[in-house]
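Working notes, beginning with the structure itself.
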Amino acid sequence: MQNNNRKRSNEAAQDSNPVSQAAALAVIGSLIATLGDGITTVAAVLALQEAQQEAQQPVNGGGNIDLQGINQQLNYLTKEVKKIKKTLNI
């Protein structure tokens with residue numbers, strides 16, 4: 001008789017077990033999704049900070065534009081145009 005009671009309690013535990021497992025998996029899935037949302041938020045904040053830093057840098061700060069070199073080329077070309085004008089008498 002005790003064996004029958006044990007079998008019944010084991011069967012009852014197994015019947016409720018899938019529900020418990022499903023609930024546990026749902027909680028774990030929610031935690032992972034929340035963690036992913038947190039990481040996404042941190043990435044967005046970092047991207048905003050980077051964009052703000054780039055916007056605050058002066059135009060010539062990055063060294064991408066060589067104003068002095070452009071000025072020298074412009075002066076050279078202006079002199080060449082003047083020479084051509086003198087040669088053509090314009």
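Throughout, read-outs are computed from the coordinates displayed, never taken from laboratory work. This structure is a prediction, so every number in the text was calculated from the model and none was measured. As a convention, Cβ positions derive from the backbone with ideal geometry for all residues, glycine included, and neighbour counts pool all protein chains shown.
Structure data summary
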| quantity | calculated |
| --- | --- |
| R0 of 41 Å, Cβ-Cβ distance Ile70-Thr41: FRET efficiency to nearest 0.05 | 0.45 |
| Gain upon complete extension [Ala26, Gln57; 0.36 nm per residue less C-alpha separation] | 6.5 nm |
| Hz values of 3J(HN,Hα) by residue in the range 71-85 - Karplus curve (6.51, -1.76, 1.60), Gly and Pro given as x | 5, 5, 5, 5, 4, 4, 5, 5, 5, 5, 5, 4, 4, 5, 4 |
